[in-house]
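Novice: Have a look at this one.
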C-alpha cells in the first residue's frame, strides 16, 4: 500500500487523494501540516528533501514528490490519461501551466486570505491580477469542450480544479467565469467530491 | 515539419531546440522576441492565447505550448524518457519542480540582471534566497548519480540545465555547487551544446 503525506487544506495534496480514490488505489493518509511545521522535521526531510507535501512513499518504500508527477504515476494506463498522443500532450501543457501560471496566484491568494487571515484588499495586486488572468485563461480554454482536454475527465481537470474550486476563498469572484463554474461542478461530479 | 516559435535568450525555448536537435526532429525556428513584444501580437496570441514562448505548431497544424510538455511530446518513445515507471516519475518530479521552484528564481534573476540590467544587489532578496535553495537542491540531488535520474541523460537534465548553466548571469555563484558544475559540463557534452 502507498503512503500519502498530505495536508488536507492543500489542493496539491487533495489532487493525489482524489486520483487515488477515483482509481481505487489503496493508500494510507498521513496528515502532515504545513502550518504546524510538520514538513520541516528531520524525519520528513529525509523522505522529501524539498520539504513539500504531497509526498508519496510507494509500496516498495521509494519516495515520490510533486503533486502532478505523483498523479501521473498513479494514473498510468488509466482513462485519466488520454490514449491519443496529442491529447496527452495538451493534458501535460495544462498541468505545467497550472504549476507556473495558476497555482502561484490563485492558491497563494487563497492561502494568505483563508489561512494567514490577510484582508483581500492587502493582497499583492500582481497576485490578484495574474490570478484573474489564469481564471480567464481557463474560461477561454473551456469554450469548445466540457473538460480541459476534450469531452472526458483527465488529470488536467484534477490538477486545475483543486485550487480553482476554492478561488473564492482568496477573493476571486467565480461568478465572472460561468464556464469555469459549470466545469467545476462537472469535475466534482466525475470525482465524487464537493 | 514542426515550427518552433522561440526566443533564443530563453532557456525554456532552448530546451525545445536541444531536444529536437538531439533526437533529429526536423523543425523550422521562428525567432519570437519576448522583449520586442512579438509574443503579444494578435497573430501569435491566436496560436497560443497564453502569449508564451516556446510554442510549437506540429506538422498537422495543431499548437502545443509549455516547454516541458513540448519536450515530453517530442521525446515520446526515445531514450530521453526512462522506460522504468519509477524513473519516469522521478523525471517528471524534477520537471514540475523546475517550473515551480527553480525557474521562477534562477531564471527570473538572470533575466532581470542580464536583460533588464538590474544590479545584482537590487534583486528581490526572496528571489536570490530561493534561487540558492534551488541550486543546493540540485547539488544534493546529484550526490548519488551522474544525471538527475540515474546514469543517463533524461528530459530532467534538459529541463534543469537550461537556466542552471546561465545562473551566473543572475549573480549566482556556481563555484559553490561543484557537483552542479560537473553535471552541467556532462549534460552539455551529451547534448552537444556549450
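Novice: Got a sec? How would B:116, A:135, A:160, A:58 order by Cβ neighbour count within 10 Å, fewest to most?
Specialist: On the way: B:116 8, A:135 21, A:160 28, A:58 17.
The most exposed by this proxy come first: B:116, A:58, A:135, A:160.
Novice: Can you tell me the relative contact order of chain A? Whole percent, Cα pairs under 8 Å, sequence separation 6 or more.
Specialist: Details: 257 pairs, mean separation 39.4, N = 194.
Relative CO of chain A lands at 20 percent.
Novice: Still on this structure, I have one more. With respect to the axis carrying A onto B, what is the closest chain A residue by Cβ position, and how many angstrom separate it from the axis?
Specialist: Nearest to the symmetry axis by Cβ: A:99, 3.
Novice: What is the Rg over Rh value, at two decimals, for chain A, using alpha-carbon atoms and the Kirkwood definition of Rh?
Specialist: On the way: Rg = 16.5 Å, Rh = 17.2 Å.
The Rg/Rh ratio comes out at 0.96.
Novice: Next question, about the same structure. Nm distances between the label at residue A:1 and the same-position labels in the remaining copies, 7 Å along Cα→Cβ, shortest first?
Specialist: 5.7
Novice: Follow-up. Using a 10 Å cut-off around each Cβ of peptide B:97-109, what is the average number of partner chain Cβ atoms that fall inside?
Specialist: Numbers: counts 6, 4, 9, 12, 4, 0, 1, 2, 0, 0, 0, 0, 0.
Partner Cβ neighbours, averaged per residue: 3.
Novice: Taking the label point as lying 7 angstrom from Cα along the Cα-to-Cβ axis, what are the distances from residue B:24 to the corresponding position in the remaining copies, in ascending order and in nanometres?
Specialist: In ascending order, 4.4 nm.
Novice: If I build a Gaussian network model for chain A, linking alpha-carbon pairs within less than 10 angstrom, which residue out of A:183, A:29, A:18 has the largest mean-square fluctuation?
Specialist: Its mean-square fluctuation being the largest, the pick is A:29.
Novice: To the nearest Å, what is the center-to-center distance of segment A:127-187 and segment B:67-89, using C-alpha atoms only?
Specialist: Measuring centre to centre over Cα atoms gives 28 Å.
Novice: Please state, as a whole number in µm²/s, the translational diffusion coefficient that the Stokes-Einstein equation yields for segment B:136-194 at 4 °C and 1.567 mPa s, with Rh defined as the Kirkwood radius across alpha carbon pairs.
Specialist: Values: Rh = 11.4 Å.
Using the Kirkwood radius from Cα pairs, D works out to 113 µm²/s.
Novice: Among DSSP beta bridges lying fully in chain A, give the percent that are antiparallel, nearest 5.
Specialist: On the way: 6 of 11 bridges.
Counting DSSP beta bridges with both partners in chain A, the antiparallel share is about 55 percent.
Novice: What percent of all Cα-Cα pairs in segment A:106-171 falls in each 10 Å bin, counting up from 0?
Specialist: Using 10 Å bins, I get a P(r) of 21, 46, 24, 8 for segment A:106-171.
Novice: A further question follows. Within a 10 angstrom radius of the beta carbon, how do A:19, B:36 rank from fewest other beta carbons to most?
Specialist: Values: A:19 23, B:36 10.
If I rank by nearby Cβ atoms, fewest first, I get B:36, A:19.
Novice: Just from its helices, what would the mean residue ellipticity at 222 nm be for chain B, if runs of 4 or more DSSP H residues each count -39500 (n - 2.57) and the sum is divided by every residue, rounded to the nearest 500 deg cm²/dmol?
Specialist: Values: 7 runs with 81 residues, N = 194.
Value at 222 nm, helices only, nearest 500: -13000 deg cm²/dmol.
Novice: Over all distinct Cα pairs, what is the inverse of the mean 1/r for segment B:13-54, reported as the Kirkwood hydrodynamic radius in Å? Intermediate results must be reported in sequence, preceding the final value.
Specialist: Working: mean 1/r = 0.0886 Å⁻¹.
For segment B:13-54, inverting the mean 1/r across all distinct Cα pairs yields 11.3 Å.
Novice: Something else: Using alpha-carbon pairs under 8 Å, 6+ residues apart, how would you state the relative contact order of segment B:1-114 in percent? Write down the numbers at each step before the final one.
Specialist: Details: 124 pairs, mean separation 27.5, N = 114.
Here the relative contact order equals 24 percent.
Novice: For the residues A:41, A:55, what sequence is obtained by ranking on other C-beta atoms within 10 Å, fewest first?
Specialist: Working: A:41 12, A:55 26.
Ordered from fewest to most neighbouring Cβ atoms within 10 Å, A:41, A:55 come out as A:41, A:55.
Novice: So how compact is segment B:2-74: Cα radius of gyration and Dmax in angstrom?
Specialist: Considering segment B:2-74 through its Cα atoms, Rg and Dmax are 11.1, 32 Å.
Novice: Sort shortest first the distances from residue A:121 to its counterpart in every other copy, using label points 7 Å along the Cα-to-beta-carbon line, and give them in nm.
Specialist: 3.8
Novice: Normalised by the empirical 2.2 N^0.38 Å for globular proteins, what value does the Cα Rg of the protein assembly as shown take?
Specialist: Against the empirical 2.2 N^0.38 Å value, I get 0.94 for the protein assembly as shown.
Just so you know, all these numbers are worked out from the coordinates, no wet-lab data involved. Treat the numbers as computed from the prediction; the structure is a model and nothing was measured. Glycine gets a Cβ as well: all are built from the backbone with ideal geometry, and neighbour counts include every protein chain shown.
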